[in-house]
Amino acid sequence: MKKDMVKSVVVLTAIALVSGVLLGLFHQLTALTADEEEARVLEKLAEVVELRDPQKVDRRGADDEGVSYFYRDTDAAGEEYYILVTEGEGGYGGPVEMFVLVQDDRIFRLAVGSNAETPSKLEQILNESYLAQYLDKDITAIGEFVLNGGGENGVDAVVSVTRSATAVNNAVNAAVRFYTAWKEA
Amino acid sequence: MAKKMSLKQVAKAGLLSENPVFRLVLGTCPTLAVTTSALNGVSMGLATTFVLFFSNLIISALKHVIPDKVRIPCYIVIIATFVTIVEMVMQKFLPDLYDSLGVFISLIVVNCIIFARAESFASANPVLLSMADGLFMGLGFTGSLVLLGGIREILSNGTFFGLGADLSAWFPKMEVFGLTVGGFLTFGLVMALINHLADRRTKKAEARKAEAQKAEVQKAEAARSGAKEG
């Protein structure tokens, strides 16, 4: 009886150890470098906005865990705008990556990046009318967007898509917090 | 039962007679979820084939070492290891596919096909036969996903593997086939068709067998009556 128990523990431990070593090895082989990750983000960004010459912006000490990249670029008219690549926690399949485009302190475009949400669910909140709730508002004055809240910073969620909506809202709020702190600095 | 199977029988079982999707009805959740396009189907299928092949190999090789009491956690650790390897490789080299398949790559861990083959075949058969079982079950799964994904992609988008001309001149695009409900509809119709064909084949084989038996009886009677007359 005791011998069986010891054998079970030894075998399971050995299998787990070998698995751990194998996974560590594969992680070393497949881990993305910082440059590769940034190139991938820019590639995705290029699919949603016409990039001209995106330049990394000095963060001036502003920091937010949710904001992974911060770029400056110009539009067709030569006007400067900012791109914030953010991640919002709380989604059904984990964090949702968002591209937040800001011009004159106002969000003028939102697009989704990597995520593991159910596509049909995410589509319900990635439409023009839903995202319009975030657009064209002075984000340095608004503080944060509040899901199902009233007033200018209130965003109406969609029934049955609340988790994806929460992740999107958190991602936008990360951009708002970061941008506001950056402007103040 | 499976111990006496030959390689040919294993191949036939995996691809046709015990096809995991249409005959055993295993792995239905990823089948319905990822078959929105043929490319998604082939990717998911090949990822599952990789996991099936290697998990069957390891489980079969360790079948005399793994104690019966802890076989389930051992199988899960082995299967999860290969799924994580597939996930890491896809994330590095096929990021678009990785994004497209999403959480369903991780969910291969709990795919009934893999666990069923580990428990019912690999734990009771030699290594080579278990590898063959993993390979052909995986290919059968892949073929089924490509069939479903292809049909759904053609009907909902007018393309096949993202290629091809716009087919909307011949028939209107039916977006419903790209949605979950279209998945159920296609799955049900294809399974009904396959079952119908299999039933017809079985009936034909039985009729042939009955005819052969009848002919043998007649031949025997003729021989008996010939002997009496003689």
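What follows draws every value from the coordinates through simple rules; no lab data is involved. As the structure is a computational prediction, the values presented were derived from the model and not from experiment. Backbone-built Cβ (ideal geometry, glycine too); neighbour counts: all protein chains shown.
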Positive dipole terminus of the protein assembly as shown, leading residue within A:Phe70, B:Cys29, B:Ser156 (C-beta point charges): B:Cys29
In the stretch A:32-98, the GluC sites (Glu not before Pro) that fall in loop regions by DSSP, at most 13 other Cβ within 10 Å: A:Glu50, A:Glu65, A:Glu79
Span-like helix ranges in chain A, DSSP H, alpha carbon extent 24 angstrom or more, Kyte mean at least 1.0: A:2-30
Peptide B:68-80 - average C-beta neighbours from other chains (10 Å radius): 3
Peptide ranges A:119-130, B:203-214 listed from the most packed, as the mean C-beta count within 10 angstrom indicates: A:119-130, B:203-214
Under 17 Å from B:Lys228, Cα to Cα: lysines that are on another chain or at least 8 residues apart: B:Lys219
Rounded FRET efficiency, nearest 0.05, which uses the C-beta distance separating A:Glu65 from B:Ala205 and R0 of 60 Å: 0.35
Anchor B:Lys63: lysines whose Cα lies under 17 Å away (excluding residues fewer than 8 positions away in-chain): A:Lys7, B:Lys3
Electrostatic dipole magnitude of the stretch B:169-230 [Cβ: Lys, Arg +1; Asp, Glu -1; Cα centre; debye, to 20]: 180 debye
Helix-only mean residue ellipticity at 222 nm for chain B, each DSSP H run of n ≥ 4 adding -39500 (n - 2.57), per residue, nearest 500: -23000 deg cm²/dmol
Within 10 Å of each Cβ in A:112-121, the average number of Cβ atoms from other chains: 3
29 Å tail of the calculated P(r), chain A, as % of Cα pairs: 34 percent
Calculated log₁₀ intensity ratio I(q)/I(0) where the Debye formula runs over C-alpha points of the stretch A:1-43, q = 0.16, 0.22, 0.28 Å⁻¹: -0.59, -0.75, -0.88
Between helix B:71-93 and chain B: long-axis angle, C-alpha atoms, 0 to 90°, nearest 10: 60 degrees
Contact order normalised by residue count of the stretch A:93-170, Cα under 8 Å, 6+ apart, percent: 28 percent
At 0.890 mPa s and 25 °C, Stokes D of chain B from Kirkwood alpha-carbon radius, µm² per second: 124 µm²/s
Helical mean residue ellipticity (222 nm; -39500 (n - 2.57) per DSSP H run of 4+; nearest 500) of chain A: -14000 deg cm²/dmol
Positive-end residue, the stretch A:34-168 charge dipole about Cα centroid, Cβ charges, pick of A:Gln133, A:Val85, A:Gln103: A:Gln133
In degrees, nearest ten, helix B:180-229 long axis to first principal axis of chain B (Cα): 20 degrees
Under the Debye formula (equal points on every Cα, no solvent term), log10 I(q)/I(0) of the protein assembly as shown at q = 0.07, 0.11, 0.14 Å⁻¹: -0.49, -0.98, -1.25
B:Ala116 versus A:Thr33: modelled label distance in nm, points set 7 Å from Cα along the beta carbon direction: 4.6 nm
Rounded FRET efficiency, nearest 0.05, which uses the C-beta distance separating B:His196 from B:Lys219 and R0 of 60 Å: 0.95
Shielding by partners, peptide A:14-26 (average Cβ within 10 angstrom, other chains): 4
Loop trypsin sites (Lys or Arg not before Pro), the stretch A:21-105 (other Cβ atoms within 10 Å of the site Cβ: 15 or fewer; DSSP): A:Arg52, A:Arg59, A:Arg60
Nearest-ten-degree value, helix B:38-61 long axis tilted from longest Cα axis of chain B: 70 degrees
